[in-house]
Structure formats: C-alpha cells, structure tokens
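Contents: one structure, followed by commentary.
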Amino acid sequence: MFAQLRSLWKALWNRTQMESELGDEMSFHLESRAQDLLRSGLSREDAYRRARIEFGSTVSYREKVRETHGVTWLEDFAQDLRYGWRVLRKNPGFGAVAVLTMALGIGANTAIFSVVYAVVLKPLPYADSEQLFNVFEARPQEGVTGAGWSYVNFAELRQKNHVFSEMAGNQSHQLTLTGRGAPSVVNASVVTPELLSLFGEKPLVGRVFFSEDGKPGAAPVAVLSENLWRSSFGADPNIIGSSINLDKRSFTVIGIMPAAFRFPQLTESEQVWIPLVQDPLFGGWMDRRAGHWLRVTGRLKAGVSMAQAQAELDAVSVRLAKEFPAENDGWAIRMVPLQQMIVGKLKSPLLVLLGAVGLVLLIACANIANLLLTRATSRAREIAVRTALGAGRTRIVRQLLSEATVLGLFGGVTGIVLAYWSVHGLSSLLPSNFPRTNAIRVDNVVLGFALLLSVGASVAFGLAPALFAAKANLQTNLREGGVRSGESGGYRRARSFLAAGEIALAMVLLVAAGLLLRSFANLVSVSPGFNAQHIVKADISLPQFQYSKAQQWSAFSDELLARIQAQPGMQDSAVAVPRPIVDGFINLAFDIVGSPAASSSASRTVNYVSVSPEYFHVMGIPQLSGRSFDRRDVMSSPHVTLVSKTMARLYFPNQDPLGKQLTVAFPFDNGAPREIVGVVDDVRDVALGQAPGPMMYVPYDQAPFWGANLVVKSGLSPSSVAITIRQEVRKMDKDLPVTDVAMMPEVIETTVAQPRFGASLLGLFAGLALVLAGTGIFGVISYSVSQRTREIGIRMALGAQRENVLKQVLQEGAQLAAVGLALGLAGSLGVTRLLASLLFGVNPADPLTFGVVAVILAMVALAASYIPARRATRVDPIVALRYE
C-alpha cells in the first residue's frame, strides 16, 4: 500500500514538473515572438496580439497541458501548491513575516479555543451527560438565586416526582485521616447512596454504595478515589474490606473509583465518598425540614423536556409551601443543566476572550492581505504573461489562492506548535478553582479547529489580492512592466481600507481591555473593611466523634488561643467562623423580638459569624457604638450580639439598635434571644466586588463551631507562625492536622484570580493588535511613498520644502487613523455593552477609556507614518528622476 502511494505521488510530481517546464517554455516563446514583432515596427499591442494568435490563443493554456499530458484537476491543484511553495521559497523574507504573523493569530486562537472547548463546549465526562441537571431552590424576592435542599424535602421529591429517573444529593467538607502515618486532611464528598450509580460510573475495584448503606444504623462504609488509594495507601490491593479512620471513626473501604471520575466539582479535590447518614456533620441534619444545604443532581427521563420537568417542580414547590409554610413559603424550585452549573459565570468571560483573539486573527489577516496586495502589484507583468498565454481569470484566482493556502498551512502548523506551548502555559496560570482544567488540551477537535481556521484565514487574506490581480489591465502591464507601472486606484483604496480596518479592530480590543483593566483596578482597590496585612490564617478541624459537644469545641479553642497568645509576637490572635471572603458566608433568617414577623416576600436575613473577643482588634474592624465582646460572654451568661452598620441601617432605621433583641435558628446556636450590645463597621464578607450586607456577630463561647479557624496578626514570618501553631496543636492532640495556613492578603488575591486572568489576557491581545495595526499603517504609508518616488522627486526639484513633503505624508497616515477611529468608535460602543456584566465600577461607555485609547492609536498611527515620511523627505530629485 505504501509503495503504491509513493508511486502515485512520484507520477504526480513528474507531471507537475513537466507542466511547470512546459509553462516556462511557452511563456519564453510567446515573449520572444512578441519582441521580434516589435522590432519589425508593430506597436506593442499589435505585436502581442499577433504573437498570441500565432501561438494558438484560441486554446487555453490549461487545455494545452491537459491535451498533452492528461493532467486532472487534482494535479492542477498540486501544481498550484508546488508553484506556491516555489514562490514562497524565492521570497524568504516575505514568507517569514507572513507565516509568523499567521502563526501568532492561529496559535492564540487555538489556545483560547482549547480552554473554551474544554470548559464550555465539551460534554461532561458522564454517560448521557445532557440528561443531568442541577436542581436547586431559590427565593427571588430576596435575591437568593441558588440554594440547596433540606434532606427531608429532597427525599420526598425523589420518591414522588415523575420526570427524573434518579436523583441524588451531596455535600462536601474535610475529614481527618489517621492511622496511616501522620494525620492528614482529606476532601470528603458526603452523598446519598444513589449518587455514584446516577453517573453510571463503575468502580475500579469493589463496589459503589447500595441503598442499604444510606439507612440509619448501617455500617460505616467509604469509597476511595484512585489518587488517595495510591498516595496514602500505596495502592494496597487488599484495601477492599479493610478499615480506615476518618475523624476518629472506623469506615470499611468498599470500592475504589477511577482517577478519571470526578464529582461534584470536576477537580481533583474529591478523595473519599461516604454516605450522608454516616457523616459526623451533615448526618445530624437529616431529620430537619428547615435549611438549604444539600446539593441535588437529577437525571431527566428520556423523552421528558425541560419545560415539562419545570412544570412539575413548580407544582411541588406550591405543595411544599402549602403543607409546610414555615420552612418552604416563598421558595421556588429551579433546574439548570449540570454543565451550566459547573461552568457558572465563566462562560461570558471565556467567550469574550475567544472573540478578542478572533479579532487579533482578523487584524493579522488584514496585514497579510496588505502584503499580498503589494506583491500582486510587483507581479503584474507575470500575471499579464499568464493571461496572454490563455489562463482565464478563474485560473489566476485559483493559483493565487493556492499560494495563500501554502502560507496559511505553514502558518497553521507553526501556530499549532505555539498553541501546544501556550496551552501548557495557560494551564499553569489558570486560577486554582477554574473548572475542568484536566480536560484542557490540544486534542483532535482543537486540531480540526486549527486546520479549519488556517484554511479560512488563507481565503480571507488571499481572496482580495487574487481578485485584484486577476482583473488587472493586460495591455498596460505588458507594455509598461509590472514593477514600474505604479499602483492603481483600486489597489490603493483596498490597502487603505484594510489599514483603517486594522485600526478599527484594534480600537475595539483596546477599549474592551481598557474597561476590564480599569474594572480590575477598581476591584482590587476596594477596602474589605478590615486590615488584612500581616494576618495569617490556619484551620483546625475537630473530629466530632471525639469532640462531640459544643463545650468541648469552646474549651479547645480557648486553650489553643491561650497557648498561641503566650508565644512571642503572636499575642494578637483570634478565632472566627467563617472568616470574611476566604471562608464564604452563612446567611440565616432572623426575627426581631417585639416586632411583627416578616412576611415570606420580605423576610429578614443576615450573615452570621461566631468570633472570639479579640477578633475585632486583630482584624482592625472599628467599633462604632456600644461595647465589644469580652471573656464574660460565655454560654451561661446573657446572650449578646454585635451588628454591622448596614444591618442597623436596614432593620433599625431612625432608631438606636442597642438593647434590641434578635432570634436566629441555627444548629450551632440554641435559639435564645440575643441582645444587641454594639455596632461595628461594615466588612465585605462575601467578595470584594459585592457590597457589604447585614451582619451579626456572636461570641464564640456562646455559639461555638465544630472546629477552630484562626487569624493571627504577627510581624513574624508566615512559616514561623505556622510552625508555632502546629507545635501547640500537637501538644494538645497529636492527631489533629493544621491545614490551609496562608497569608490573608494572598488568599484574598486568589479570590480575584479569574478577573485578573481575563483582564491580563485581553490586555495581551490588545497589545498584539496595537502592534499589528501600527505595522499595517507603516506598510501602507511606506509602500505609498515608494510608489510616489518620482512624484516626490519632481516636487522637490520644483522647490517643495521638506516640511511640506513630511506634512503631506503624515496627513495620509492621519486620514487612515481618523477613518479607523471612527469605525472603531461605532464598533466599540456596540461591543462594550456585552461587557457590562463583567465590569465593576466602570461604565461600558466610559469616556476616559475611549479617549485614552483614541489618543494611543492616533499616536501609534502617526509614529508608524513618521518613518516613511522622513524617508520621503530624503529623496534626491536627480536620483529619483534618473531611476524613472
């Protein structure tokens, strides 16, 4: 088979070689005969006409070749490609510039498309993933767009619904693994028994959960991830049936899930799965109808539409609100495809990046088209001779497009190589919480995209030059010669239009990048309401099977703080659950004692935080009125709370909140009324980009949490603080690991990693577009000057001043810039509306950004015009006239 292919290719090569030689010979004979007729006294036009008649112009050149050698259309195309390669090889400088420009555009587009495809377009790695939906609850009147379920409500929905073939719930947190070397923390997915079978994934070894594993009284069992099995258990083949200790409780290992299976976050964080009923934290919440903590995934039945499913869910929400109004009134049930839930808010930024890099490719194509237009002018005589030999317009266009295709393929191959490197670099720069990073690669789909992009770009930058060259004036080009014939008005207008288009596209990109960069600058300049400098955070999770009572949690935290505060340089230490921004938030409904209960359409909610007395001093949160907490605020003392300024303004307008009492239902709080004893300033506890909401703080000793989240303000190095914390924890309990030790400023920085990534990439693409646009202006003006050498020489010989020549050339560049800026302004106003949801503190039509971008582009255009303008002023009139 290989020998036959080689023989066929050799025959094709020989035929195209003969065709090329025949074409050269025919061109030589036609030109020789025309010169003989010219010497006999005929005019140039008559001489070429008679030469063509004698040579047999009634039969086209292509048909002569076909009749002589039987060349097929495929061989025609092969010859075109071969000739294109020869032309490219004879002009290595032009080829290198065009291929590199093309490669930058193709490489950048392929790299970004690989991310978009993996995150947004590629199906989830589950069987029939389009049938998987996230089912959640929402309270639109309060701005709660997505919340979980109580287990009781979920169990009823799973049993009584008619649209889902299966439903499962999950949550996640960390558990302590002991008995296998040093204690470590593992990421645990707490699931209902149906979850693993819902995805149709078979275990690598053993089995998944059965329904009996989820019933009260069942033996504790666990399923390990392959990564945890290999890293912590040495890939022990006898692990099935053996026991492991999670939070001081023995679990029997029943299965190993393959490394490729990841849920719920599609990252590598899942290390162990346990039944919800066996979980020391969420297992105790299963009998409560109140609460919205369980994430639910359902598989839609075949043939059931999303509209049908939503209609049934609406009926369920109405029934639950009617039967259990205290827990369900005002809550609606919603569903979205699981992929949409996982991608979240990343789809829009990624599509913006893909559009931006597409504009970069368009600018690159315009640059190459300008280069090809320049070469088409210099090849006018060659095209004229081909036409004189009988080549039709279609044949000329096909030949020139074939040459462009060679450029495109070389640029595409080089671009794919760049894309491989870029994808590797992008993967390392992506934020840690970026979904599906393991799926980002240059696979067959991405390679196909790169190939189609190369071919499409080849047509885009090759079509206009080919059409212009094919309709050139034959007699003029043969009479005057291609090099000195000058550039026609059509060529000049096309080149000017392309250059102006580059300016317009660059402006759109620069405006978008400027808006996102300003938005990011506004975001990172926001004060979080506390002083994060020199603060180190650390987490200690207490195994509930060992520390089962709230008094034990409180006693542990008090002793740990006393030990840490006794260390030099670590006196400013506190406990807080949750800490602002880095730990998320806990939003709870509350009531004001003595005030009418809020309706379901206007219920009161607040972000709840449990802190030790030193917290406000350590974090630098100002006290506005009243008192702060102290060591007298313990479980047996009157229950108190501090509220934020925003909470006081919203729920106690025009009155003093001090002395008012609040009640809040929370598993770690006994529900007793709390008196407001002070007001503190606002903090942005959810995110830097979200305005401060109402907050209430409670003393940790009155409402302790299951674990200790530390904040330590110290001038010591973070490593020294971490060592001290670990030493003190080890003295108290050698089996408690200290995790997530980090500087608070660095953790806050990670929360803005995604907007920083998007703004940085868009800024990079905008810079590349600016360089390409400047290059395009330079090429147009430079070629225009070279074509006007004789004109400029005559003008200077007649007394024109160098300043006037300089001004005229710069004016040409300014005109191109003005047209491009006008087009770019209109395009930018339309495009920036799509960015509105991605901006923070910036108007999409921000005049400052538009003005700065316009000035930068105008300066670049003038700078690109200045070099050829200076060259024009140095034209020697004598040399210019002698040359002509």
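For a label point 7 Å from the Cα of LYS345 along Cα→C-beta, name the residues of the stretch 744-774 whose backbone N is under 11 Å from it.
Output list for this probe position: 752, 754-755.
Give the lysines whose C-alpha is closer than 30 Å to that of LYS713, dropping any in the same chain fewer than 8 places away, or say none.
LYS537, LYS549, LYS645, LYS731, LYS734
Students often get this wrong: which residues of the stretch 686-721 have the backbone nitrogen under 12 Å from the point 7 angstrom along Cα-to-C-beta of ALA672?
Residues 702-703 qualify, since their backbone N sits under 12 Å from the label point.
At 1.4 Å probe size, what's the solvent-accessible area of LYS549? Round to the nearest 10 Å².
Surface accessible to solvent at LYS549 totals approximately 130 Å².
By how many nm would the segment from LEU624 to ALA521 grow when fully extended, if each residue of separation counts as 0.36 nm and the alpha-carbon distance is taken off? Can you show the working numbers first?
Details: separation 103, 0.36 × 103 = 37.08 nm, distance 2.94 nm.
Here the answer is 34.1 nm.
With +1 on each Lys and Arg Cβ and -1 on each Asp and Glu Cβ, and nothing else charged, work out how big the dipole of the stretch 181-261 is about its Cα centre, in Debye to the nearest 20.
Values: 6 positive and 7 negative charges, 25 e Å.
Here the size comes out at about 120 debye.
Explain nothing, just compute: Karplus ³J(HN,Hα) = 6.51 cos²θ - 1.76 cosθ + 1.60, θ = phi - 60°, for every residue of the stretch 580-595 in order, whole Hz, x for Gly and Pro.
Working through the residues one at a time gives x, 6, 7, 10, x, 8, 10, 9, 10, 7, 9, 10, 9, 4, x, 10 Hz.
Tell me, what HN-Hα J-couplings in whole Hz come from the Karplus equation 6.51 cos²θ - 1.76 cosθ + 1.60 at θ = phi - 60° for each residue of the stretch 531-545, using x for Gly and Pro?
Coupling constants for the stretch 531-545: 9, 8, 5, 6, 9, 10, 10, 8, 10, 10, 9, 9, x, 5, 5 Hz.
Taking 0.36 nm per intervening residue step and subtracting the Cα-Cα distance, what contour gain separates HIS173 from ASP314 on full extension?
On the way: separation 141, 0.36 × 141 = 50.76 nm, distance 3.09 nm.
This chain segment gains 47.7 nm when fully extended.
Taking the Cβ-Cβ separation of LEU764 and LYS160 as r and a Förster radius of 56 Å, what is the calculated FRET efficiency to the nearest 0.05?
On the way: r = 53 Å, r/R0 = 0.95.
Result of the calculation: an efficiency of 0.55.
I need the phi-derived Karplus couplings for the stretch 171-184: 6.51 cos²θ - 1.76 cosθ + 1.60, θ = phi - 60°, integer Hz, Gly and Pro marked x.
These are the phi-based 3J(HN,Hα) values: 9, 8, 6, 10, 10, 9, 9, 10, x, 10, x, 5, x, 9 Hz.
So for LYS734, LYS537, LYS215, what's the accessible-area order with a 1.4 Å probe, most first? Could the numbers behind the result be given before it?
Details: LYS734 140, LYS537 20, LYS215 110 Å².
The ranking, largest first, comes out as LYS734, LYS215, LYS537.
Sort SER865, SER250, SER637 from largest to smallest accessible area, using a 1.4 Å probe on the heavy atoms of the protein chains. If you can, show how the numbers build up before the last one.
Numbers: SER865 0, SER250 60, SER637 20 Å².
Ranked from most to least accessible, the order is SER250, SER637, SER865.
Answer with one residue from VAL634, PRO578, LEU716: the one whose Cα lies farthest towards the positive end of the charge dipole of the stretch 544-734, charges on Cβ with Lys, Arg +1 and Asp, Glu -1.
LEU716
Considering just Cα atoms, how many Å³ per residue does the convex hull of the stretch 544-734 enclose?
131 Å³
Can you pull the one-decimal nm distance between simple spin-label points at GLN546 and ALA260, each 7 Å off the Cα toward Cβ?
Distance between label points: 3.9 nm.
Using a simple spin-label model with points 7 Å from Cα along the Cα→Cβ vector, what separation in nm is obtained for ALA589 and SER719?
A separation of 5.2 nm, rounded to one decimal place.
Order the following by accessible area, largest value first: TYR608, TYR420. Probe radius 1.4 Å; ligands, DNA and RNA are ignored. Write out the running numbers ahead of the final one.
Numbers: TYR608 0, TYR420 115 Å².
So the residues, ranked largest to smallest area, are TYR420, TYR608.
So which lysines pass the test for LYS122, namely a Cα distance under 30 Å, with those fewer than 8 places away in the same chain ruled out?
Here the lysines satisfying the reach criterion relative to LYS122 are LYS202, LYS301, LYS345, LYS347.
On a straight-distance basis, which lysines could pair with LYS90 in a cross-link, Cα separation under 24 angstrom, same-chain partners fewer than 8 positions away excluded?
Leaving aside lysines fewer than 8 places away in the same chain, those within reach of LYS90 are LYS10.
Suppose R0 equals 56 Å; then what is the FRET efficiency for GLN727 and ALA822 from their Cβ-Cβ distance, rounded to the nearest 0.05? Show your work: numbers first, answer last.
Numbers: r = 68 Å, r/R0 = 1.22.
Once rounded, the FRET efficiency stands at 0.25.
Which of the three applies to the stretch 301-341, rounded, prolate or oblate, going by the alpha-carbon gyration tensor with a ≥ b ≥ c and a/c under 1.5 meaning rounded? All intermediate terms of the calculation are to be shown ahead of the outcome.
Details: a/c = 3.86, a/b = 1.87, b/c = 2.07.
The shape class here is oblate.
Quote to one decimal, in nm, the extra length available between GLU212 and LEU650 on full extension: 0.36 nm per residue of separation minus the C-alpha distance between them. Display every interim value, and only then the final one.
Numbers: separation 438, 0.36 × 438 = 157.68 nm, distance 4.87 nm.
So the extension gain works out to 152.8 nm.
May I ask you to derive the FRET efficiency for ARG288 and ARG89 from their Cβ-Cβ distance with R0 = 60 Å, giving the value to the nearest 0.05?
Working: r = 77 Å, r/R0 = 1.29.
Efficiency, rounded to the nearest 0.05: 0.20.
With a ≥ b ≥ c taken as the square roots of the eigenvalues of the C-alpha gyration tensor of the stretch 511-653, please select rounded if a/c is under 1.5 and otherwise prolate if a/b is larger than b/c or oblate if it is not? Numbers along the way, then the final one.
On the way: a/c = 1.80, a/b = 1.14, b/c = 1.57.
The shape class here is oblate.
Dipole size in debye (nearest 20) for the stretch 269-373 around its Cα centre, Lys and Arg Cβ +1, Asp and Glu Cβ -1? Let's see the in-between values first.
Working: 10 positive and 8 negative charges, 44 e Å.
Dipole about the Cα centre, nearest 20: 200 debye.
The values are calculated or read from the model by the stated rules, or taken from the named source; none is laboratory data. Keep in mind that what you see is a predicted model, and the values were worked out from it rather than measured. Virtual Cβ from ideal backbone geometry, glycine too; neighbours counted across all protein chains shown. Side chains included, ligands, DNA and RNA excluded: accessible areas come from the protein's heavy atoms. Shrake-Rupley method; radii C 1.70, N 1.55, O 1.52, S 1.80 Å.
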